[in-house]
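The values are calculated or read from the model by the stated rules, or taken from the named source; none is laboratory data. The model shown is predicted, which means the values in this text are computed figures rather than measured ones. All Cβ positions, glycine included, derive from the backbone under ideal geometry; neighbour counts span all protein chains shown. These accessible areas exclude ligands, DNA and RNA; they are computed on the full protein's heavy atoms, side chains included. Shrake-Rupley method; radii C 1.70, N 1.55, O 1.52, S 1.80 Å.
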Amino acid sequence: STLLASSAASDVYKRQGERYEYIFRKREKNDRYHMNGATYGWSISAMKATKKLQREAEKVKIPVLLFQASDDDLVDNRGQNRFAEKNKNVILIQIPNSKHEIYGSTYNTIKWYYEVIWKFLDKHLGGK
């Protein structure tokens, strides 16, 4: 099933640019947090894996929590959508007005994002 996280993430763009810039500057200063673009080999492997996953979606028997950025410049959400449509174990949540790095969103969005993840893990892994 697909959920739109509009109420929980309604303030995403309000100060999103500032937060992305803040996080980028922090990562830039610390070598441990530098990120690079995907290599050609990684990209080809990811595309092959995505196609296989779409073909064999029904074979995934475990619960899957899949977050999707609505304004992702790096990922084509259509592949994720097809996977979610083919498998009843997938919970697809689209974060409105968010980019590839969802963790760069506003505080309220990130807080909600982690709350959803922890609830999902607690439910499916028997946490407290």
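Worth a mention:
- Backbone geometry of the range 84-91 corresponds, through the Karplus equation with coefficients 6.51, -1.76 and 1.60 at θ = phi - 60°, to 3J(HN,Hα) couplings of 5, 5, 8, 9, 6, 8, 9, 9 Hz, x marking Gly and Pro.
- Other residues lying with their Cβ under 11 Å from the Cβ of Gln94 contribute a combined charge of -2, Lys and Arg counting +1, Asp and Glu -1.
- Protein accessible area in the range 55-128, 1.4 Å probe - carbon and sulfur %: 55
- For the range 14-100, GluC sites (Glu not before Pro) are listed when DSSP marks them as loop and at most 16 other Cβ atoms sit within 10 Å of their Cβ; the list is Glu56.
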